[in-house]
Structure formats: structure tokens, C-alpha cells
Amino acid sequence: MFKLISMQDTIRIPPETFGSSLEKVGCDQVKMKYEGIVDDELGYVVAATNVEVSPTGKIIPGDGATYHKVIFSLLTFYPVIQEIVEGDVVEIADFGAFVRIGPVDALLHVSQLIDDYMSYDEKQGVLLGKETKRKLSSGDKVRVRITAVSLGRAGSSGKIGVTARQPGLGKLEWIKLDTEKAKEKKNKEKKKE
């Protein structure tokens, strides 16, 4: 889930940037500090926006920098278990597919794809269903449910597990076909009555 969070902090304006625009330097400092981090409370920080720097700063003895209060917004992505998300397949492997959801990739294991035996075709770089002949390849759009979340620690991006083995989930083309088949079946049953 993407969120826009309002924040307050105090940032250090290095002495070598004195004379430059306070707003620009302040914005750069906030972006350096927050963008790209993974935090237990915030999730994945995608971007810092709307940075407002107080023109009045403080000097701390022994440090030539000034410290200014800032108010800003953070665009974050926090994956929530049971949340349904759509993403693009970015990589196929023999054990499953990696799906880009927001700023991170989630693992869609072959056992969580469809109710069919899926084999990996290395030449084509696809996962192929034995009975259904359904193919999953890089670039496909999928709808999945988040089943496991482990936020990263110390530079790692963490792990997210997803499933597509529930009604209304899977490759978007498959969902559309299944919906059309269900409508046809329902119409046939109505005609019989």
C-alpha cells in the first residue's frame, strides 16, 4: 500500500553549501537521508516531497554547520499481508517468478501460481502449465495477494511472498478468460431453465 506521510525532522546544512539556496540544499539533505531506506514503521521510502526548510537555524559548538527544522512528505510503500496488488513479471526462474509490486520484487513460487504442474522452459524463459498450457513470461501483468512480508535489514531489500492460487488472481489474461467462461456457463444454465 502506498502512503503519503507528513514528517518533521532537523537536518544539517553543511558549511560548504552556505550561499546556495537553503530550500534546495535542505531538499537534497532530506532526500539523501530518507529516499531508498527501509523502515519497520514507514516501509520502503520511495520519495521525499514538499520539503519546507525553516530559515532560522541553530549552530552547535564545534560544528560549522547549521541545523534547521524541516517539514516534508514521504511517499512510502508498505506491503500488507492479505493485500491484493497488481504488478509486472520481471524475471522467470525454475522455482517461480519475480513480480514488481511498487518499488520491490515479490516472489511468486511455482506452487502458488495455478492448480497445474508448472514446468520451466529455459529456452523461452517461461513457466508452462502441463494441462492448461498457460504460459507466464517476463512482462506479463498479474494480480496477486501478499502472503508473507519480511522488511529488509542493513542494506537488504527484504522478502515478499505472494500467491495467485485464489479466485480472481493470476495473470490478467487468465482472469479475463476465466470470467468469460463463467459468464458463458451461467448463460447456458439460464437457457436450460
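The values are calculated or read from the model by the stated rules, or taken from the named source; none is laboratory data. Everything quoted here is computed from the prediction, not taken from an experiment. Note that we place each Cβ from the backbone using ideal geometry, even for glycine, and neighbour counts take in every protein chain shown.
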Subject >> Answer from 131, 184 - the residue that is in a loop (DSSP other than H, G, I, E, B), over 30 Å from residue 40 (Cβ atoms) and free of Cβ contacts under 8 Å to residues at least 24 places away in the same chain >> reply: 131
**OP:** Please work out which one of (1) modelled with pLDDT under 95; (2) more than 13 Å from the chain's Cα centre (by Cα); (3) of a type in the set (Asp, Glu) is the condition residue 9 fails and give its number.
**Re:** (1)
Original post:
Does segment 55-68 include one or more residues that are surrounded by 14 or more Cβ atoms within 10 Å (Cβ to Cβ), modelled with pLDDT of 90 or more and not in a strand (DSSP E or B)?
Top reply: yes
Original post:
What pairs come up if the first residue lies in segment 135-147 and is outside any strand (DSSP E or B), the second is buried (at least 18 other Cβ atoms within 10 Å of the Cβ), and their beta carbons are under 6 Å apart, counting only those six or more places apart or on different chains?
Top reply: 138/89; 138/92; 140/89; 140/171
**OP:** Give just the number: which of (1) in contact with an Asp or Glu (Cβ under 8 Å, 6 or more places away or on another chain); (2) surrounded by 12 or more Cβ atoms within 10 Å (Cβ to Cβ); (3) outside any helix (DSSP H, G or I) does residue 119 not satisfy?
**Re:** (1)
